[in-house]
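Colleague: There's a structure below that I have some questions on.
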Amino acid sequence: MSYFSGRSSKIAGTGKYLPGRVMTNFDFEKILDTNDEWIVERTGIKKRHFVEKGQQCSDLAYFAALEALKDAKISASEIDMILVGTNSPESMFPSVASKIQDRLGAKRAGAMDIHAGCTASLSAMAVGVSGIASGMWNNVLVVGAEAFGEILDWSDRGTCILMGDGAGACVLTVSDEDGPCFVSSKFISDGSKHDILAYASAREGEPKTFQMKGHEVFKYVNKELPPFISSFCEQSGILPEQVDLWVLHQANTRIIDSVFKRVGISTERTLLNLERYGNTSAASIMIALDESMKAGLIKSGQRICFIAFGAGMTIGGMLYEA
Ligand code: COA
């Protein structure tokens, strides 16, 4: 765990974009041996969005970024760095960040993608906050974007029903001394579990797809996340019940319910959108942030705790005073 020092930063604006092709659980019933009741009971998901033909990860990232810039009332030319958290870029290189840098007209911005499973965009946010704290950057655009449609195994009922495509974004900027600020962050990784959630071949010689040992992921998160949350709060000098709003990676309602129960947190203190979007991986925490902001759930002076977890395995937390 570490406290941020140096210049404070604040969230100046947020945005999101969901592509237009909607797939409900009933649509999955037509192509797989599954049913709406099973999916809702095990995951909380009712529908999710997928990219239209020809749409790519950078298209989703671009639209979410445009909305965040407009919301922040900051022009693209004022952005110093663009950080994109993603696990499904259309190319390993160039980065999604570079593609949107050009398309947005962010003429003096640097650009990089960050890969860290579903923790990727929260990791990008921590890098952005650190860059502002050190004086390196003044305005940072952070995006989480995923276009999984192409890499899902559509015959694997244990994985494809969980995921969805989408993008969320926020603009970070220098804050006043007594204004909003990021207080602390904690990031951990257990690479010994790298094979339970991976872009890999199911069998030798087969093309790579999204592979997940669902039950092992479920067990890992349920075991590791409650002590992570408790220790992050304790090390940040607060109790979990002193957090006003939790902005969470939307993986699975069952996971969120059981983790919150074990830490003693009420699920009333978080926004859940899994039912509508499924698990959008690195995009999910940024979409949840945008929806929490626009619903007026984040008020001045409140404590906001961000928690993400995913492939690696990785877990991350950040504490923000709005
Ligand atoms: N519809 C119907 N049955 C399904 C199914 C589906 N979509 N997917 C799996 N099943 C079946 C399995 O084949 C298995 O059948 P069997 O007993 O005949 O072998 C049965 O349901 C139980 O499978 P299991 O994998 O043990 O189910 P589960 O209770 O663990 O639920 C997940 C599966 C994927 C919902 C659950 O493991 C999970 O949520 N994991 C975490 C996923 C996650 O959040 N990943 C992202 C982290 S960032």
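The values are calculated or read from the model by the stated rules, or taken from the named source; none is laboratory data. Everything quoted here is computed from the prediction, not taken from an experiment. Ideal geometry is used to build each Cβ from the backbone, glycine not excepted, and the neighbour counts take in all protein chains shown.
Colleague: With (1) out of contact with any Cys (no Cβ under 9 Å at 6 or more places or on another chain); (2) part of a loop (DSSP other than H, G, I, E, B); (3) under 21 Å from Arg48 (Cβ atoms) as the list, and Glu90 as the residue in question, which single condition is left unmet?
Modeller: The failed condition is (1).
Colleague: If I filter the stretch 68-87 for residues that are within 14 Å of the ligand (Cβ to nearest atom), farther than 30 Å from Phe228 by Cβ and assigned to a helix (DSSP H, G or I), do I get at least one hit?
Modeller: No, every residue in the stretch 68-87 fails to be within 14 Å of the ligand (Cβ to nearest atom), farther than 30 Å from Phe228 by Cβ and assigned to a helix (DSSP H, G or I).
Colleague: Also, I was wondering about something else. Note down all Cβ pairs under 9 Å where the first residue falls in the stretch 30-58 and is on the phi > 0 side of the Ramachandran plot, the second is away from the ligand (no atom under 14 Å from the Cβ), and they're at least six residues apart or on different chains.
Modeller: Taking only residues 6 or more apart or on different chains, the pairs are Gly44/Glu275.
Colleague: Taking Ser75 as the residue in question, decide whether it is out of contact with any strand residue (DSSP E or B) (no Cβ under 9 Å at 6 or more places or on another chain), without any contact (Cβ under 8 Å) to a residue 40 or more places away in the chain, surrounded by fewer than 23 Cβ atoms within 10 Å (Cβ to Cβ) and over 30 Å from Lys213 (Cβ atoms). Even if it seems obvious, please write down each step before you answer.
Modeller: Numbers: out of contact with any strand residue (DSSP E or B) (no Cβ under 9 Å at 6 or more places or on another chain): yes; without any contact (Cβ under 8 Å) to a residue 40 or more places away in the chain: yes; surrounded by fewer than 23 Cβ atoms within 10 Å (Cβ to Cβ): yes; over 30 Å from Lys213 (Cβ atoms): yes.
It is true that Ser75 is out of contact with any strand residue (DSSP E or B) (no Cβ under 9 Å at 6 or more places or on another chain), without any contact (Cβ under 8 Å) to a residue 40 or more places away in the chain, surrounded by fewer than 23 Cβ atoms within 10 Å (Cβ to Cβ) and over 30 Å from Lys213 (Cβ atoms).
Colleague: Take the residues of the stretch 180-216 that are surrounded by 19 or more Cβ atoms within 10 Å (Cβ to Cβ), in contact (Cβ under 8 Å) with a residue 60 or more places away in the chain and over 24 Å from Met1 (Cα atoms): which is nearest to the ligand (Cβ to nearest atom)?
Modeller: Ranking the qualifying residues of the stretch 180-216, first place goes to Leu197.
Colleague: Pick from Ala145, Ala126, Ala111: which is small (Gly, Ala, Ser), modelled with pLDDT of 95 or more, part of a strand (DSSP E or B) and under 13 Å from the mean Cα position of the chain (by Cα)? Spell out how you get there, then give the answer.
Modeller: Numbers: Ala126 fails: part of a strand (DSSP E or B); Ala111 fails: under 13 Å from the mean Cα position of the chain (by Cα).
After applying the criteria, what remains is Ala145.
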